[in-house]
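Have a look at the structure below, then the notes.
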Amino acid sequence: MDLGPVDYIVVEFPGSKFRGEIGPALAALVNSGTIRILDLTFVRKTADGETTHLELDALDPADVAAFDDVDGTIAGLLNQEDIDLIAADLPADSSAAVIVFENTWAARIATAIGRAGGRVAAFERIPAETAEAALMAVAAQGA
């Protein structure tokens, strides 16, 4: 199986208020073949600190409507230990969507690297804010 790099993202919703922007953007990435959803779980922490987690199909229909067009294989990759770690960092009276996804755009290059006898020796995501600040610093030096 050719598999691209796999990432996860935890998207926090203070007050457990979901809005409709994320689902369609996620669906566009899936439908374009950029990513493939491997797991999607929601974690809630009440005001008194009690936590629960729900799969997409167990959410209130009003909350899940934003994710209606997102296709993926919900494979249950996240285990209870993962959920507990995420919940521990979640503020009271909030929720989080935990999305595990394959970067399908990178699967072909990953396969080519392997077939060429190479290996990825390092891979790290640089936060957008850090990259933006570095690019602005370089631009300022050239001005």
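Odds and ends about this structure:
- Filter result for Val70 (at pLDDT 90 or above and not small (Gly, Ala, Ser)): no
- Options Glu50, Glu102, Glu55: the member that is at pLDDT 85 or above, more than 25 Å from Pro127 (Cα to Cα) and acidic (Asp, Glu): Glu50
- Listed by first and then second residue, the pairs linking a residue in segment 83-104 that is at positive phi and buried (at least 20 other Cβ atoms within 10 Å of the Cβ) to a residue that is among the basic types (Lys, Arg) and not in a strand (DSSP E or B), with Cβ atoms under 7 Å apart and 6 or more places separating them unless they lie on different chains, form an empty list.
- Evaluation of Ser32 against (1) surrounded by fewer than 13 Cβ atoms within 10 Å (Cβ to Cβ); (2) polar (S, T, N, Q); (3) over 24 Å from Arg108 (Cα atoms) (one fails), failing number: (3)
- Every residue from segment 85-103 that is farther than 19 Å from Gly23 by Cβ and not in a loop (DSSP other than H, G, I, E, B): Leu85, Ile86, Ala87, Ala88, Asp89
- Count - residues of segment 74-126 that are farther than 29 Å from Asn31 by Cα and aromatic (Phe, Trp, Tyr): 0
The values are calculated or read from the model by the stated rules, or taken from the named source; none is laboratory data. None of the values given here were measured: they were computed from a predicted structure. Cβ: placed from backbone, ideal geometry, glycine included. Neighbour counts: every protein chain shown.
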